[in-house]
1. Can you work out the FRET efficiency for the pair residue A:30 and residue B:1, with r the C-beta to C-beta distance and R0 = 30 Å, to the nearest 0.05?
2. Too long at a 31 Å Cα-Cα cut-off: which of A:137/A:255; A:42/A:88; A:88/A:206; A:137/A:206?
3. Kindly provide the chymotrypsin sites (Phe, Trp or Tyr not before Pro) of segment A:71-180 that DSSP labels as loop, not H, G, I, E or B, and whose Cβ sees at most 16 other Cβ atoms within 10 Å.
4. Using a 10 Å cut-off on Cβ to Cβ distances, tally the other chain neighbours for every residue of B:4-17 and report the average as a whole number.
Amino acid sequence: MDQFRKPKRFVADTLHRYSPRGLLLYFLPMALIPATFIALGKGHLLGVIVNAAGFALYMLAAWCLRRGLQAEHVYEKSRIARPPKPLKMTAAIIAALTTGMIAWLGAGRPLPIALLFAGGAFLGMYLSYGFDPRKEKNIVAAHGYSRDEILQTLEDSSRIIRGIEQANDRIRNAELNRRIERICEIADSILAEIEADPRDIRRARKFLNVYLDGARQVTEGYAKTHQQTQSEELEQNFRNVLETIESAFQEQHQKLLEEDVFDLDVKIEVLATQLKREGIL
Amino acid sequence: MPIVLRRLLGFIILVATIGLATCQSLVKAEPLTASASAEASLTSRTQAR
């Protein structure tokens, strides 16, 4: 069980953007570009249509493939996940049909040979990239919350954390930036804890609703206000609120780790009062 | 089959099928210069006879 208790970043919204996998399909059909222009120069309408459409379809297949690979990466990293959309399968079908069309109408091969080309492309796509995972990473409903509710809560919370990070990018103060980064790291760890053991969602739900959203509102509010006016008092108020949020986040995380049955409702009320007093909520 | 071998095989098949189909389409659009000039000279000789 120990490996499930280690803090881990919740990855629902982080995409594997910079992997080179799947780029091959962008480069393979490059010969169709000169083929299109040559056909255009010679006035071969069918050649222009087939080569240009073929190139566009290969680009579409490559786009679907990359999106499918990214979705698969997120699925593999998450402990709870719905199966991704069948984008890799879609890419394989588009690539196969396009290859068959190019071999038949573009290269002038007989139809049976063109079908072999299509089959070969489909096989190549399957062997290189596989197909999309179809199995749901199921969790049992916990404390009256259905699987979809838990998943939705985690996704919404992750989106709020990304919102805090974006607001942080607009704040020009290294000390406050570090504080906000720490808060986001702890929040990600809390989501990872809930993901590992969804029973925690009952205790964490109020935290997710009040604290996390409060943290986003206060950060976005400060990011907007401090660009217009530089005020020592405003900065100090913001610093105080961040300190409270950080300590509350740490406490919540600790309680989840200790599986403490005591809720943080009282602390949450204190924070809500402070946020109101500071004029943030 | 090991994953690396599977991907390598897939890569070869992909390059062979898509690469061949697209290159043949290009060759059909623009016949090779040597064969095109030979064909042209053969046509002109036939016409001369």
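1. Values: r = 30 Å, r/R0 = 1.00.
My answer for the efficiency is 0.50.
2. On the way: A:137/A:255 26 Å; A:42/A:88 37 Å; A:88/A:206 38 Å; A:137/A:206 25 Å.
Beyond 31 Å: A:42/A:88; A:88/A:206.
3. On the way: sites: A:75, A:104, A:117, A:122, A:126, A:129, A:131, A:145; in loops: A:131.
Answer by residue number: A:131.
4. Working: counts 0, 1, 4, 5, 2, 4, 9, 4, 3, 10, 13, 4, 4, 17.
For this peptide, the per-residue mean of nearby foreign Cβ atoms is 6.
Here, each number is a calculation from the coordinates, and none is a lab measurement. Just so it is clear, the model here is predicted, and its values are computed rather than measured. As a convention, Cβ positions derive from the backbone with ideal geometry for all residues, glycine included, and neighbour counts pool all protein chains shown.
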